[in-house]
Amino acid sequence: MQAMKKPFQKIALIGRYQSPDMREQILSLARFMTERGLLVLIEKNTADICEIDGYRVLELNSLGKFAELAVVLGGDGTMLSVARSFAETNIPLVGVNRGRVGFLTDLSTETMLDAMAKILDGQFSVEQRILLSASITRNGQVISQGKAMNDVVVTKSGMSRLIELEVHIDGYFVHKQRSDGLIVATPTGTTAYALSAGGPILHPTLDAIALVPICPHTLSNRPITINSGSVVEITLAHAEDAGVHFDGQMQMALKQGDKIEVRRAEKTVSLLHSLGHSHYDTLREKLSWG
């Protein structure tokens, strides 16, 4: 159980983008928390789409200045987006699953009120998840930066041919690979795209990063796992058409010679779970293990 310095008093509610069907769940949580004497803050897009009024409404980038806890209703994509937005705030997140898989959103809508009552009473566990910080350099100038909770992916675009990448770790040359691309994944991201590409599943609390090639031309080019304190530099040696994605969102198109530097971000994301939550139970359920 996590010992709280003080109970949460200001709760942000954030729903999946453009999803009016979760109106009743948002209102149910809002009423429940208001009855407990808590201040409820609702993200503006959520309030607009779900036609909710009577509560304080704030833009997503402003919620971090006021909220002490954020409850996210949606799928893993929604949680990833909120986590990136709140990366510098230290605000813990709770996920209610309204998506397809739900590795990050483990509460169900049927039990969310009981679960939230226990969490608000201090009965929860805390899991720290690392993020990646990446920068793209072209001709010696940084042209883009961003963060990812799942992965940073350098990949070919459309039907173009294999791309050629040079990979350095902590300044040491590792290899040159021809492939469809390369995934640099956090432990959180090893159950996402990296898993589909044949990468390892890492426990979410490990201080590690996985490098997973996508359809490599040389079959001996296998996934590797490195310390999360390492710096990965990927140089686009040759490509007809390539891009870099952060958590599945297109960041920008790349040109030959561009360098992508990926390292662990300074701050982590705190996920709150009900007591008794097990990562292994989640894997067994979501991956349909026996």
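The values are calculated or read from the model by the stated rules, or taken from the named source; none is laboratory data. All figures in this text were calculated on a predicted structure; none of them were measured in a lab. FYI the Cβ positions are ideal-geometry reconstructions off the backbone, even for glycines, and counts take in every protein chain you see.
A count restricted to region 271-290 and to residues that are at pLDDT 95 or above and either in a loop (DSSP other than H, G, I, E, B) or small (Gly, Ala, Ser) (or both) stands at 0. Selection of region 148-174 for residues being touching a Gly at 6+ places or on another chain (Cβ under 8 Å) and either of a type in the set (D, E, K, R) or at pLDDT below 95 (or both) yields ASP151, LYS156, SER157. The C-beta contact set for region 14-42 (first residue free of Cβ contacts under 8 Å to residues at least 60 places away in the same chain and more than 17 Å from THR78 (Cα to Cα), second residue part of a helix (DSSP H, G or I) and among the β-branched types (Val, Ile, Thr), distance under 8 angstrom, 6+ apart or interchain) comprises VAL40/THR34. If you filter region 73-100 down to residues that are hydroxyl-bearing (Ser, Thr, Tyr) and surrounded by fewer than 21 Cβ atoms within 10 Å (Cβ to Cβ), you find that the one that is nearest to GLU266 (Cα to Cα) is THR89. Checking SER108, SER160, SER135, SER125 one by one, the residue that is in contact with a His (Cβ under 7 Å, 6 or more places away or on another chain) and hydroxyl-bearing (Ser, Thr, Tyr) is SER125 and no other. Evaluating GLY189 against the criteria (1) in the same structural domain as ASN139 (by TED's automatic domain parsing); (2) crowded, with 20+ Cβ neighbours inside 10 Å; (3) part of a strand (DSSP E or B) leaves one unmet condition, (3). Please determine whether any residue of region 203-214 is within 22 Å of ALA242 (Cβ to Cβ), surrounded by 15 or more Cβ atoms within 10 Å (Cβ to Cβ) and at pLDDT below 95. Scanning region 203-214 turns up no residue that is within 22 Å of ALA242 (Cβ to Cβ), surrounded by 15 or more Cβ atoms within 10 Å (Cβ to Cβ) and at pLDDT below 95. Looking across region 225-242, the residues that are part of a strand (DSSP E or B), touching a residue at least 24 places away in the same chain (Cβ under 8 Å) and over 17 Å from ARG178 (Cβ atoms) come down to THR225, ILE226, VAL232, GLU233. Which condition number in (1) touching a Ser or Thr at 6+ places or on another chain (Cβ under 7 Å); (2) free of Cβ contacts under 8 Å to residues at least 24 places away in the same chain is the one that ASP207 fails? Among (1) touching a Ser or Thr at 6+ places or on another chain (Cβ under 7 Å); (2) free of Cβ contacts under 8 Å to residues at least 24 places away in the same chain, the lone unmet condition for ASP207 is (2).
None of MET33, MET79 is of a type in the set (A, V, I, L, M, F, W, C) and closer than 16 Å to THR105 by Cβ except MET79.
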